[in-house]
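Engineer: Take a look at this one; I'll ask things after.
The values are calculated or read from the model by the stated rules, or taken from the named source; none is laboratory data. None of these values were measured; they are calculated from a predicted model. Note that each Cβ is placed from the backbone with ideal geometry, even for glycine, and that neighbours are counted across all protein chains shown.
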Amino acid sequence: MPALSGLALRAVVMVVGVGLNGVATGAYIGAGLGPGPRDNLMTGLAARGHSLRVARTSNELTALVVGWALGGSVGVGTVVYALIIGPLAHLLIPRLTVRAPAIAPEAAAVP
């Protein structure tokens, strides 16, 4: 198998990194470990009927534009992350959510 060129390798690492971040997002939110500020905004909007995909993508694009307006740099990875993390969160959070087992009413009563 031929070795990847420098640019191709960087592209693969970027895509894998964004994918792993999507898995991590789904895992820590799904496990109930507490969302961060932008995650909390996303889950709050989703709880009010908005799509996780749209809420997260909107949050990330807003952060990207504000950061750029304040003089930050925007590269290909920044744009890829902002556009891909929303669909990944939408796909992975429900699949990685841990649901607590139901407790029977008689088992919950204290003797």
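Engineer: Please specify each residue of region 65-79 satisfying the condition of being closer than 21 Å to Val15 by Cα and part of a helix (DSSP H, G or I).
Structural biologist: Of all residues in region 65-79, those closer than 21 Å to Val15 by Cα come to 73-79.
Val76, Gly77, Thr78, Val79 - these are the residues of region 65-79 that are closer than 21 Å to Val15 by Cα and part of a helix (DSSP H, G or I).
Engineer: Moving to a separate point now. Leu91 - would you say it is in contact with a Pro (Cβ under 9 Å, 6 or more places away or on another chain) and under 16 Å from Ala24 (Cα atoms)?
Structural biologist: Working: in contact with a Pro (Cβ under 9 Å, 6 or more places away or on another chain): no; under 16 Å from Ala24 (Cα atoms): yes.
Taking the combined requirement at face value, the residue does not satisfy it.
Engineer: Return only the number of the condition from (1) more than 19 Å from Val13 (Cα to Cα); (2) surrounded by 10 or more Cβ atoms within 10 Å (Cβ to Cβ); (3) modelled with pLDDT of 95 or more that Thr97 does not satisfy.
Structural biologist: (3)
Engineer: Cβ contacts < 7 Å: first residue without any contact (Cβ under 8 Å) to a residue 24 or more places away in the chain, restricted to region 51-75; second residue in a helix (DSSP H, G or I) and polar (S, T, N, Q), any location; separation 6+ or different chain. Result?
Structural biologist: Correct list of pairs: Leu64/Thr78.
Engineer: Go through region 24-77 and give me each residue that's among the β-branched types (Val, Ile, Thr) and surrounded by 14 or more Cβ atoms within 10 Å (Cβ to Cβ).
Structural biologist: Step one: of region 24-77, the residues among the β-branched types (Val, Ile, Thr) are 25, 29, 43, 54, 57, 62, 65-66, 74, 76.
Hits for region 24-77 are Thr25, Ile29, Thr43, Val54, Thr57.
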